[in-house]
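The values are calculated or read from the model by the stated rules, or taken from the named source; none is laboratory data. Nothing here was measured: the structure is a model prediction, and the numbers come from that model. As a convention, Cβ positions derive from the backbone with ideal geometry for all residues, glycine included, and neighbour counts pool all protein chains shown. These area figures cover heavy atoms from the full protein model, side chains too; ligands, DNA and RNA do not enter into them. Shrake-Rupley method; radii C 1.70, N 1.55, O 1.52, S 1.80 Å.
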Amino acid sequence: MLFESLDKIRRGTLLSAILLIALGIIIMICPVSYIDSLILAFGYGLVIVCIVMLLEFFTSKNMLVEYMNLIVALGLGIVGLCVLLFRDDVMTTLAGLSSFLLLLHGIFTLRFSVTYGKRSGKKTWWVFALLGCILIACAVILFFNPWWNTPDMLVKVIGVAVFFSASVSVIRLIWAWPRTTTAEEKGGEAHA
């Protein structure tokens, strides 16, 4: 039961990271004339994801993971409704929201590198500490927004930030994926 939940979380993390990478690429190549349509699609997409997650919650066994998904679903629904209702100010709000999410992801990655990466004995744990610091720096730069004042440039910067954040998630997931040892490696360890 626990391993099924962990597999579900792992699949969900991988799927969300792949979707965020695709979203980052779409945002980066989106022409200026389609920014309003992209914002509407984003708002409707969040509302649809919220509805799907709510329906999944009502049909589930109501375990702790499902309650956490319910909280995430309600948050996504509120953000989606805010995007749809306040379209005029959505670019600055989206930049603030993106910077907040980048900050959280950077802190999580930094904590992951220290608590899991360093303790696991892998020599590359410091890469995630560096990536966490880069994510935090990107969040601060995006929040204070010193260089881009046009909606087109702001959308491109948000797209790059989403792409980078999702790429860090995929790298972290691949790095932390448990490795199975082959028969040759087991034989080599036995001889050593």
Looking across segment 66-101 at residues that are closer than 24 Å to residue 136 by Cβ and of a type outside the set (A, V, I, L, M, F, W, C), the single one that is modelled with the highest pLDDT is 75
Taking segment 134-156 and the residues there that are at pLDDT below 85 and open to solvent by less than 30 Å² (accessible area, probe 1.4 Å), the one that is nearest to residue 114 (Cα to Cα) would be 142
Could you go through segment 43-66 and let me know if any residue there is surrounded by 14 or more Cβ atoms within 10 Å (Cβ to Cβ), of a type in the set (Val, Ile, Thr) and closer than 21 Å to residue 164 by Cα.
no
Is it the case that some residue within segment 24-43 is without any contact (Cβ under 8 Å) to a residue 24 or more places away in the chain and within 20 Å of residue 168 (Cβ to Cβ)? no
